[in-house]
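Report on the structure given below.
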Amino acid sequence: MSDLVVRITEVGRPDVLLVGGKGASLGEMVRLGLPVPPGYVVTTQAFRQALLELDPDARRSTTISALEPDDRKAVEAATAPLREAITNCPLPAALEDAVLRHHMDLRSGRGSVPVAVRSSATGEDALDASFAGLQDTFLWVHDEATLLSRLRTCWASLYSVESVSYRLQRGIAEEDAAMAVVVQQMVEARSAGVMFTRSPSTGDRSVVAIESSWGLGSAVVGGEVTPDSFTVSKVTGEVLRRQVSEKLRRHVPAGPGGGVLDEEVPVELRSVASVTDEELARLVALAQAVEGHYGIAQDVEWAVAVDHPSGDGLFLLQSRPETAWSRRATEPIAAPKARAFDHVIDAMGRA
């Protein structure tokens, strides 16, 4: 297995340091036989080699580690030149060749395959730290030149003000930070959304909570639409709660130039459920398979491809640990005391 670019089918959870949290999770789901769009990962080793040419003495780590996390001006001043250098530097020839070879394999003789170019940092989807939304993702990238440019921009986003500040706040060693990039065939989504294998509002582990809307899932994840909402029992499969919202906007492919277009939902679809009951049942089954494998509650992104029969054409796009309720479950209710009676004294003092 090359250490610069690898297929998603070649990696899994043990490879998180090579392909980042997102890449490792996608590979793990493929190994489970779950429906995941095909793709490949430009590894952290490729990132480190490219950065070595720009910063052979690793001065960036020393500079960034000395910053205060709340001093945004200082963080911006320290990281802006690095982002610019990464974005503008040509890729090492061996890496560019490896990326284009894998991209040709993904195309499989087709003229063009639109892809998502997705940041996948080490530690990105860990239970005790989540970088979700702090690094870049680009959708509907059509040509190789744009692909190579977006790859460098994803690398550079590891040094965004938000990402660096988060690492400083969490005490994450700068030399341990690295960025892989997932390149994955796009799903032209009729509907898409997210699902949680425990209730995000109550923490109930017996249900799957599903949110969906028309078009690409970026509108749901970005909070640009009020999605349909369903709560489904894991035990009986019954839809316990069904709320169909008026969905006014949707994200669709923007065309040959790439990217996403925000458009109005046709009037006749606005108040219609964006998933069928058959699709809900399939989503719940997939959610339980992912949760059963990882052993902890999951936050899963999914899409239903256009022109597929109901219940078919479902794809999983990402799975990460659900953090809010999982953290509560692992936090101690109270700090230990030398004597049991000391807890009573504390409680009386708070009364």
| message | I'd like the full set of residues that are among the aliphatic types (A, V, I, L, M), out of contact with any strand residue (DSSP E or B) (no Cβ under 6 Å at 6 or more places or on another chain) and closer than 17 Å to Gly12 by Cα, limited to the range 276-317. | response | Ala289
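Can you tell me how many residues within the range 47-61 are of a type in the set (S, T, N, Q) and without any contact (Cβ under 8 Å) to a residue 12 or more places away in the chain? Walk me through how you get there before you give the answer.
Keep residues of the range 47-61 that are of a type in the set (S, T, N, Q), which gives 49, 61.
From what is left, the residues that are without any contact (Cβ under 8 Å) to a residue 12 or more places away in the chain are none.
Number satisfying all stated conditions: 0.
Quick check on the range 62-94: of everything there that is hydrophobic (A, V, I, L, M, F, W, C) and without any contact (Cβ under 8 Å) to a residue 12 or more places away in the chain, which residue is farthest from Ala50 (Cα to Cα)? Write out each step before concluding.
Our first condition is that a residue be hydrophobic (A, V, I, L, M, F, W, C); within the range 62-94, this holds for 64, 66-67, 74-75, 77-78, 80, 82, 85-86, 89, 91, 93-94.
The next check asks that each one be without any contact (Cβ under 8 Å) to a residue 12 or more places away in the chain; those that pass are 66, 74, 77, 80, 93.
Details: Ala66: 23, Ala74: 25, Ala77: 22, Ala80: 18, Ala93: 10 Å.
Filtering first and then ranking leaves Ala74.
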| request: From (1) β-branched (Val, Ile, Thr); (2) within 18 Å of Val284 (Cα to Cα); (3) under 20 Å from the mean Cα position of the chain (by Cα), pick out the condition that doesn't hold for Val235. | output: (3)
| said: Just to check your reading of the model, which residue among Val182, Val194 is over 16 Å from Gly123 (Cβ atoms) and assigned to a strand (DSSP E or B)? | reply: Val194
| task | Filter the range 166-185 down to residues that are surrounded by fewer than 22 Cβ atoms within 10 Å (Cβ to Cβ) and within 19 Å of the chain's Cα centre (by Cα) and give me whichever is nearest to Gly223 (Cα to Cα). | result | Tyr166
| task | Answer with yes or no whether Ser218 is closer than 30 Å to Val113 by Cβ, within 21 Å of the chain's Cα centre (by Cα) and modelled with pLDDT under 95. | result | yes
| query | Restricting to the range 241-254, what's the tally of residues that are surrounded by 15 or more Cβ atoms within 10 Å (Cβ to Cβ) and over 28 Å from Phe138 (Cα atoms)? | reply | 1
| query | Among the helices (runs of 4 or more DSSP H) confined wholly to the range 1-114, which include 3 or more residues that are modelled with pLDDT of 90 or more, surrounded by 15 or more Cβ atoms within 10 Å (Cβ to Cβ) and under 18 Å from the mean Cα position of the chain (by Cα)? | reply | 16-31
| said: Need pairs with beta-carbon distance below 8 Å; first residue outside any helix (DSSP H, G or I) and within the range 160-176, second among the polar types (S, T, N, Q); sequence gap 6+ or separate chains. | reply: Ser160/Thr79; Ser160/Gln135; Ala173/Ser65
| So Arg250 clears everything in (1) closer than 26 Å to Val113 by Cα; (2) among the basic types (Lys, Arg); (3) over 25 Å from the mean Cα position of the chain (by Cα) except one condition, right? Which one? | (3)
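The values are calculated or read from the model by the stated rules, or taken from the named source; none is laboratory data. It should be emphasised that the depicted structure is a prediction, and the values quoted were computed from it without experimental measurement. Heads up, the Cβs are rebuilt from the backbone with ideal geometry, glycines too, and the neighbour counts pull from every protein chain shown.
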